[in-house]
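The values are calculated or read from the model by the stated rules, or taken from the named source; none is laboratory data. This is a predicted model, so every value here is computed, not measured. Every residue, glycine among them, receives a Cβ derived from its backbone with ideal geometry; neighbour counts consider all protein chains shown. Surface accessibility is based on the protein's heavy atoms, side chains included, excluding ligands, DNA and RNA. Shrake-Rupley method; radii C 1.70, N 1.55, O 1.52, S 1.80 Å.
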Amino acid sequence: MLSYRHAFHAGNHADILKHSLLVNLLETLNSKDKSYTVFDSHAGSGIYSLEDDRSLKTNEALNGILSLLPEMDEIDFPDSLSNYYKITSLYKRHKTYPGSIEFERIFIRPDCAHIISELNNAEIDGLKENVSQEPLVIINDCKKAVKTQVHHRDGFETVISMSPPQIKRGMCLIDPSYEEKDDYKKTSQAVIKLHTKWNVGIIAVWYPLLAHRAIKIEQMKNDIIAHAKAQNENTSIMDARLLINTEDSHVETELKDNEGPPRLYGSGMLVLNCPWKIDEKTSTNLSYISKKIYKKNKTSYEVKMY
């Protein structure tokens, strides 16, 4: 099933969590003068219009990045959010929000490898067009963008078949849409296969927080953590969550009447081989962000290390 379109959700609370962490991971990779590989399993179209009818229909960006940036204009945010603020403010001036692959293109040096995948026929043409253009800004010592490899195929197949990569240092971002209940099991199986083949890579897995899928979500995380620890008990694993409401906040109603709290009451990032101090930066970031978006008295966060 490939009905998911990220244009409805770009710039929401889940993107803020995912991309602020992604920026910090890319900064860490760039902190050493060594080449690296970045995989992105579910690329989407790469850049999203904030004036698109789909974005305006859900207003998720309005309650997310478009609420956060005016707060950040006061320049009271932590240093670890500086590049995220710089990038999203720039794209906002062009009435767009950058997807994960655009953040990656902004940071990755030309001597590195950038391999992205998108299966959805409705997204691939837009993705190729966006990748053909230079990013609005480049944040690396070379001041040049990497040449991105675009694969029109299943993202899990792409990253598993191409691992371990020729340049073994690096990371993989995995953020499927989780449209079907079996997607949680498929994700854990894919992550386990990937980590088995590429046990030195940073693997960052985004996951939704949905009350009706709570058991499957926890099982997915537990399976991944158990595998990683069985491989090497010293594997550093971070689980970070940003919640905009409580687990029991959503009440099922008919779609036309559903104006209450959304099903997606938050999301999380599970990071295998989590780099040093990323947990501290993530805690600092989410402490700030949770005070600035949605109904602030209901927004919370949690960062755990395993």
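Take the conditions (1) open to solvent by less than 30 Å² (accessible area, probe 1.4 Å); (2) more than 26 Å from Ser117 (Cα to Cα); (3) out of contact with any helix residue (DSSP H, G or I) (no Cβ under 7 Å at 6 or more places or on another chain); Met72 misses just one of them, which is (3).
Identify all residues within segment 143-163 that are in a helix (DSSP H, G or I) and either of a type outside the set (Ser, Thr, Tyr) or out of contact with any His (no Cβ under 8 Å at 6 or more places or on another chain) (or both); write none if there are none. Quick ask: steps written out before the conclusion?
First, pick out the residues of segment 143-163 that are in a helix (DSSP H, G or I): 155-161.
Within segment 143-163, Gly155, Phe156, Glu157, Val159, Ile160, Ser161 qualify.
Only one of the numbered conditions (1) part of a loop (DSSP other than H, G, I, E, B); (2) over 15 Å from Tyr48 (Cα atoms); (3) in contact (Cβ under 8 Å) with a residue 40 or more places away in the chain is not met by Leu136, and that is (2). Output yes when any residue across segment 8-18 is assigned to a helix (DSSP H, G or I), under 30 Å from Asn121 (Cβ atoms) and without any contact (Cβ under 8 Å) to a residue 24 or more places away in the chain, and no when none is. No, segment 8-18 has no match at all. Only a single item in (1) at pLDDT 95 or above; (2) among the charged types (D, E, K, R); (3) crowded, with 19+ Cβ neighbours inside 10 Å is not met by Glu60, and it is number (1). Would you be able to say whether some residue in segment 172-182 is open to solvent by less than 20 Å² (accessible area, probe 1.4 Å), more than 23 Å from Tyr84 (Cα to Cα) and outside any strand (DSSP E or B)? For segment 172-182, residues open to solvent by less than 20 Å² (accessible area, probe 1.4 Å), more than 23 Å from Tyr84 (Cα to Cα) and outside any strand (DSSP E or B): present. Is there a residue in segment 234-247 that is modelled with pLDDT under 95 and open to solvent by less than 40 Å² (accessible area, probe 1.4 Å)? Scanning segment 234-247, I find at least one residue that is modelled with pLDDT under 95 and open to solvent by less than 40 Å² (accessible area, probe 1.4 Å), so the answer is yes. Out of Ile138, Ile106, Ile87, one residue alone is in contact with a helix residue (DSSP H, G or I) (Cβ under 8 Å, 6 or more places away or on another chain), open to solvent by 20 Å² or more (accessible area, probe 1.4 Å), within 18 Å of Leu25 (Cα to Cα) and modelled with pLDDT of 95 or more. It is Ile138.
The condition (being over 18 Å from Val205 (Cα atoms), surrounded by 13 or more Cβ atoms within 10 Å (Cβ to Cβ) and at pLDDT below 95) is satisfied by just one residue among Lys256, Lys292: Lys292. Of everything in segment 185-208 that is in contact with a helix residue (DSSP H, G or I) (Cβ under 8 Å, 6 or more places away or on another chain) and aliphatic (A, V, I, L, M), the residue that is most open to solvent (accessible area, probe 1.4 Å) is Ile192. Taking segment 151-171 as the range and being touching a residue at least 40 places away in the same chain (Cβ under 8 Å), open to solvent by 50 Å² or more (accessible area, probe 1.4 Å) and touching a helix residue (DSSP H, G or I) at 6+ places or on another chain (Cβ under 8 Å) as the test, only Arg169 passes.
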